[in-house]
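Data first, discussion second: the structure below is written as structure tokens.
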Amino acid sequence: MRKTQINPWTWQDQRGFSQAWKVEEGQTVIFVSGQVSVSSDGQPMHSGDFAAQTRLVFENLRAVLERAGASLEQVVKLGVFLTDMNRLPEYGRIKAEFFKGPQPASTAVGVNALALPAFLVEVEAIAVL
């Protein structure tokens, strides 16, 4: 598989995402449902703590990808849903702890609520192997 980062401009580099990824000869695509801050038995975790929720979201994303035989390095697209768009810079800093180098194509959406009132952030992903 060959992945080529597509960025006709440079401004997005400061904001931590890529405009697109061109994937050639990819054999497998993994669509990951939105991950939230839950324990391995499905219990909501870190109520009111945005940073802890976001880190657990990315740990859960990593666990799902690993179960599918993939890794965070193979993610080409992320979608984040935030109940407070003012948290986007903080989200970006935490995401950078998990995603090094060229960033996945990304979309950020502000929402009024997520599946449970305690959830502050949800992240979905597409990975290509």
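In table form, for the structure just shown:
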item: Gained length - Arg2 relative to Gln19, 0.36 nm times residue gap less alpha-carbon distance; result: 4.4 nm
item: Using a Förster distance of 25 Å, the FRET efficiency for Gln43-Glu73 (Cβ separation, nearest 0.05); result: 0.30
item: Val76 long-range amide H proximity, modeled H, under 5 Å; result: Ile126, Ala127, Val128
item: Residue among Gln12, Gln74, Gln27 with the largest mean-square fluctuation in a Gaussian network model of the chain, springs linking Cα atoms under 10 Å; result: Gln27
item: Karplus 3J(HN,Hα) series, Hz, for the stretch 26-43 with 6.51 cos²θ - 1.76 cosθ + 1.60 (x for Gly, Pro); result: x, 9, 9, 10, 10, 9, 9, 4, x, 9, 10, 7, 10, 6, 5, 9, x, 8
item: Gaussian network model of the chain, springs between alpha carbon atoms under 10 Å - residue of Ser37, Ser106, Ser47 with greatest fluctuation; result: Ser47
item: Accessible surface of the chain [probe 1.4 Å, protein heavy atoms]: carbon and sulfur percent; result: 52 percent
item: Probe 1.4 Å, accessible area per residue of the chain, Å²; result: 56 Å²
item: Percent of beta bridges antiparallel (DSSP, the chain, rounded to nearest 5); result: 70 percent
item: Answer label, with Cα extents along the principal axes in Å calculated from the coordinates and candidates (1) 60, 33, 30; (2) 45, 42, 22; (3) 40, 34, 22; result: (3)
item: Mean separation of Cα contacts under 8 Å, 6 or more apart, over the residue count of the chain: relative contact order %; result: 36 percent
item: Dipole magnitude of the chain about its Cα centre (Cβ charges: Lys, Arg +1; Asp, Glu -1), debye to nearest 20; result: 300 debye
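The values are calculated or read from the model by the stated rules, or taken from the named source; none is laboratory data. This structure is a prediction, so every number in the text was calculated from the model and none was measured. Glycine gets a Cβ as well: all are built from the backbone with ideal geometry, and neighbour counts include every protein chain shown. Ligands, DNA and RNA are excluded from the accessible area calculation, which covers all protein heavy atoms including side chains. Shrake-Rupley method; radii C 1.70, N 1.55, O 1.52, S 1.80 Å.
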